[in-house]
Amino acid sequence: MNFDFSEDQQFLKTEARKFLDAECPPDRVRKSLETNAGAFDADLWQKIIDMGWVAAGLPEEVGGLGLGRVDVCAIAEEIGRACAPIPFNSTVFGFAEAVQCGGSPEQSQDWLTRVAAGNLIGCLALTEQPGPFNFEGIETTYENGKLTGTKAPVTDGAIANAAIVLARHDGKIGLFVASLDGVEAQPLESIDQSRGVARLVFDGAPAEPLCTGRSGEDLLRRVLQGVAVFTAFEQLGGAERCLDMARGFAMQRFAFGRPIAGFQAIKHKLADMYVKNTLARAHAYYGAWALAGDKAELPLAAAAARVAACDAYWFATKENIQTHGGMGFTWEADCHLYFRRARHLALVGGSAREWKELLATAIELEIAA
């Protein structure tokens, strides 16, 4: 069985890399940290909308291209490689995935049409306090068609037009879709200000439940499994870029009359990065296969992809900085851009620690079966 991208998907990936190499160089990412902290690169976002990437995985009946989730994974990898300062993750991986999984035909037509047209930035508003996520800690309520409560931190919350909100209704957990018009958004400081986070304060904001036959807990788990797989490819793209950066620098940096790439310690760093990236890619492909076909293996595959990608990206950013030496810690070097993004993405959709627990549970269930 071939788990690699198809020829068409490889072409899409190649073209995406060409576009982002030209339109999103590291200087543009750094500029977003300097002058646009907590917001996003609106010009780059519009160009990506014009390229059709936002609509790539959406059904044709809502204005999408109908390419499928694996094609979105190919795009995600290149966005991660470029460390693009855009709300693609929140809008496509989170908001649109939730509506596709749990929305009624009317809700899909309403919200996904706006996403496909590039008229909407979406986000996931799930957590309410620091620390590991748990359903018992959800205090936001949905009564009489309105949401009341506070969500934080919400990635891209300050720039989003709509949100998928986790709340309680009649003593049960559910997911609700809400416009953010009139909702107070308080920007928060974070390690990666090119992907801003915010506190959203819902004070009787109109909303509607996602219509689905499954429980709120089950729907949330399914949505987060999609987020985990998509984000794994974004993390993988960043990790691969860190390896390329480290190798390129090691080949050009001379010490004692020869490139530092010839020293055993540097070789070990590069080899270890390659091994972790390769393992993460294998799990990411497995996750994409399970997600695209809605396979029974999805809980296990998504958890494995998430854990491997978090580990690979975090390790690659650290070793990239170490390979660059003292200059790797400076603002002018590109290393910190990926370090910041790795830390941010490690918390999107649940931390690696939480996903390790889910992975262990999935393995136990598989053994028991």
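Tabulated data for the structure shown
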{"read-out": "Mean separation of Cα contacts under 8 Å (6+ apart) over length of the stretch 204-334, as relative contact order %", "value": "33"}
{"read-out": "The chain, helix-only ellipticity at 222 nm - DSSP H runs n ≥ 4, -39,500 (n - 2.57), divided by all residues, nearest 500", "value": "-16500 deg cm²/dmol"}
{"read-out": "Net charge dipole size for the chain [Lys, Arg +1 and Asp, Glu -1 on Cβ; Debye, nearest 20]", "value": "1320"}
{"read-out": "Mean separation of Cα contacts under 8 Å (6+ apart) over length of the stretch 152-246, as relative contact order %", "value": "27"}
{"read-out": "Where only alpha carbons of the chain are counted, the Rg and the Dmax (Å)", "value": "20.3, 74"}
{"read-out": "Filter on Lys18/Lys269; Lys13/Lys269; Lys47/Lys146 - keep pairs with C-alpha separation over 30 Å", "value": "Lys47/Lys146"}
{"read-out": "The stretch 54-93: radius of gyration and largest Cα-Cα distance (Dmax), Å", "value": "10.4, 31"}
{"read-out": "Degrees, to the nearest 10: 69-82 long Cα axis against longest axis of the chain", "value": "50"}
{"read-out": "Extension reserve of the Phe11-Met327 stretch, reckoned as 0.36 nm per residue once the Cα distance is removed", "value": "110.2 nm"}
{"read-out": "Ranked packing of 157-165, 253-261, most packed first, by mean Cβ within 10 Å", "value": "157-165, 253-261"}
{"read-out": "Highest to lowest packing among 80-90, 123-133, scored as the average C-beta count within 10 Å", "value": "80-90, 123-133"}
{"read-out": "Principal-axis tilt of helix 7-23 within the chain, Cα atoms, nearest 10 degrees", "value": "80"}
{"read-out": "With every protein chain in place, the stretch 126-184: carbon and sulfur % of accessible area (1.4 Å)", "value": "49"}
{"read-out": "Burial ranking of peptide ranges 174-184, 268-278 (average Cβ count within 10 Å, highest at the top)", "value": "174-184, 268-278"}
{"read-out": "Solvent-accessible area per residue for the stretch 152-277 (1.4 angstrom probe, square angstrom)", "value": "43"}
{"read-out": "With Cα atoms, 0 to 90° folded angle of helix 42-51 axis to the chain main axis", "value": "80"}
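The values are calculated or read from the model by the stated rules, or taken from the named source; none is laboratory data. No experiment lies behind these values; they were computed from the predicted model shown. Because the Cβ atoms are built from the backbone with ideal geometry, glycine has one as well, and the counts that use them run over all protein chains shown. Please note that ligands, DNA and RNA were not included when accessible areas were found on the heavy atoms of the full protein model with its side chains. Shrake-Rupley method; radii C 1.70, N 1.55, O 1.52, S 1.80 Å.
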